[in-house]
1. Any chance the range 112-120 includes a residue that's touching a Gly at 6+ places or on another chain (Cβ under 6 Å), among the hydrophobic types (A, V, I, L, M, F, W, C) and more than 8 Å from the ligand (Cβ to nearest atom)?
2. Can you find even one residue in the range 88-97 that is near the ligand (Cβ under 10 Å from one of its atoms) and polar (S, T, N, Q)?
3. Any residue in the range 35-49 that is closer than 29 Å to Met164 by Cβ, among the basic types (Lys, Arg) and either away from the ligand (no atom under 14 Å from the Cβ) or surrounded by 13 or more Cβ atoms within 10 Å (Cβ to Cβ) (or both)?
4. Name the pairs whose Cβ atoms lie under 6 Å apart, with the first residue in the range 251-267 and of a type in the set (Lys, Arg), the second part of a strand (DSSP E or B), and 6 or more positions between them or separate chains?
5. Residue by residue through the range 27-75, note down the ones that are of a type in the set (S, T, N, Q), at pLDDT 95 or above and more than 18 Å from Ala184 (Cα to Cα).
6. Among the residues of the range 143-173, which ones are away from the ligand (no atom under 11 Å from the Cβ), under 15 Å from Val109 (Cβ atoms) and surrounded by fewer than 24 Cβ atoms within 10 Å (Cβ to Cβ)?
7. Condition first: within 20 Å of Ala98 (Cβ to Cβ) and out of contact with any Ser or Thr (no Cβ under 6 Å at 6 or more places or on another chain). Now tell me which residues in the range 143-165 satisfy that.
8. Please go through the range 98-111 and give me each residue that is of a type outside the set (A, V, I, L, M, F, W, C) and within 13 Å of the ligand (Cβ to nearest atom), ordered by number.
Amino acid sequence: MGSAIFARMLRATETGALPGLRRAAWKGTYTAISSLWRRPRWRFMNYGYLPPGVPFALDAADEAERAFIGLYHQAFAGLPLDGAAVLEVGSGHGGGAAWLARRPGVARVTGVDLSGATVSRARALNPGVPCLDFRTGDAEALPFPDASFDVVVNIESSHCYGRMDRFVAEAARVLRPGGWLTWADMRGRAMLPATARAFDHPDLVPEAEAVLNAGVLAALDAMEAEKAREIARFAPLRGILGEFAGMRGSKLRGALESGEVLYLARRFRRR
Ligand SMILES: C[S@@+](CC[C@H](N)C(=O)[O-])C[C@H]1O[C@@H](n2cnc3c(N)ncnc32)[C@H](O)[C@@H]1O
């Protein structure tokens with residue numbers, strides 16, 4: 001039953017149907033998660049990414065969250081961060097924004113999220129990080145002036161948006177000329193043309209694109225046992241939580257394995 005509801009929600013995301021309802025459903029989902037599931041160190045809500053080859057450098061204190069930080073690490077690798085003002089759109093519980101705020105040279109990081117409960121949780125879970133703040137706001141109507149950030153980062157959030165093209169236009173608006181939009185998220189193959197159209201903005205120049213499926217599946221494997229222990233605490237919701245978390249045997253996990261769903265990363269430079 002849980003899996004069927006989740007599959008329907010995903011299908012609506014894929015077809016781009018009912019934008020207002022979809023936005024509200026995802027907002028309700030994350031508000032419920034942040035309000036009810038108060039695991040003390042749960043600062044990330046993404047599927048994770050463990051790239052092949054030599055593991056990237058990480059502080060010892062961040063090691064337990066390596067899989068989740070991997071998506072941020074790949075999003076920022078090689079980008080100029082010295083003195084950068086960074087905006088994360090869809091910052092969730094704030095672990096990624098807090099990790100970024102601790103990168104050498106970064107001037108400030110602002111996380112914005114649609115769910116007020118999620119923003120409250122991000123503040124509580126990431127205390128005492130200088131130059132970091134969180135606020136409530138909508139990706140499709142960002143509460144910031146034009147040209148106020150050097151980098152906009154967006155990790156595993158845009159599948160929730162009613163209108164992806166509105167988010168892209170807002171990202172272009174708040175970026176300074178020469179700034180970067182760095183994005184990663186999942187898309188079913190049927191959604192690829194619509195996603196390409198949403199990114200087709202006159203002020204954004206495509207610079208790089210990658211398919212992350214293999215590294216995302218490696219991260220899901222690495223975190224499977226820990227997530228299974230957590231999900232076991234909520235036995236009646238095991239089906240829907242297993243789908244949501246991309247556990248082995250879930251529909252979404254199968255689609256990532258078969259390539260029916262792609263986990264994509266893209267970067268754009270603001271003209
Ligand atoms: C899967 S979580 C990812 C959070 C974080 N980026 C991470 O990697 O841990 C998706 C987040 O996007 C947020 N979100 C959904 N729709 C949004 C919107 N229209 N504007 C801003 N945030 C949104 C959700 O509330 C949720 O916190």
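The values are calculated or read from the model by the stated rules, or taken from the named source; none is laboratory data. Keep in mind that what you see is a predicted model, and the values were worked out from it rather than measured. All Cβ positions, even for glycine, are placed from backbone atoms using ideal geometry, and neighbour counts span all protein chains on display.
1. Scanning the range 112-120, I find no residue that is touching a Gly at 6+ places or on another chain (Cβ under 6 Å), among the hydrophobic types (A, V, I, L, M, F, W, C) and more than 8 Å from the ligand (Cβ to nearest atom), so the answer is no.
2. yes
3. Start the filter on the range 35-49 by keeping residues that are closer than 29 Å to Met164 by Cβ, which leaves 35-37, 42-49.
Subsequent filtering for residues that are among the basic types (Lys, Arg) retains 43.
Applying the additional criterion that residues be either away from the ligand (no atom under 14 Å from the Cβ) or surrounded by 13 or more Cβ atoms within 10 Å (Cβ to Cβ) (or both) yields 43.
Scanning the range 35-49, I find at least one residue that is closer than 29 Å to Met164 by Cβ, among the basic types (Lys, Arg) and either away from the ligand (no atom under 14 Å from the Cβ) or surrounded by 13 or more Cβ atoms within 10 Å (Cβ to Cβ) (or both), so the answer is yes.
4. Hits for this filter: Arg266/Trp183; Arg266/Glu209; Arg267/Thr182; Arg267/Glu207; Arg267/Ala208.
5. Within the range 27-75, no residue meets the criteria.
6. Let us first name the residues in the range 143-173 that are away from the ligand (no atom under 11 Å from the Cβ), namely 144-152, 165, 168-169, 171-173.
Now restrict to residues that are under 15 Å from Val109 (Cβ atoms): 144, 148-152.
Phe144, Ser148, Asp150 - these are the residues of the range 143-173 that are away from the ligand (no atom under 11 Å from the Cβ), under 15 Å from Val109 (Cβ atoms) and surrounded by fewer than 24 Cβ atoms within 10 Å (Cβ to Cβ).
7. First pass over the range 143-165, keeping only residues within 20 Å of Ala98 (Cβ to Cβ): 144, 149-157.
Those that are within 20 Å of Ala98 (Cβ to Cβ) and out of contact with any Ser or Thr (no Cβ under 6 Å at 6 or more places or on another chain): Phe144, Phe149, Asp150, Val151, Val152, Asn154, Ile155, Glu156, Ser157.
8. Thr110, Gly111
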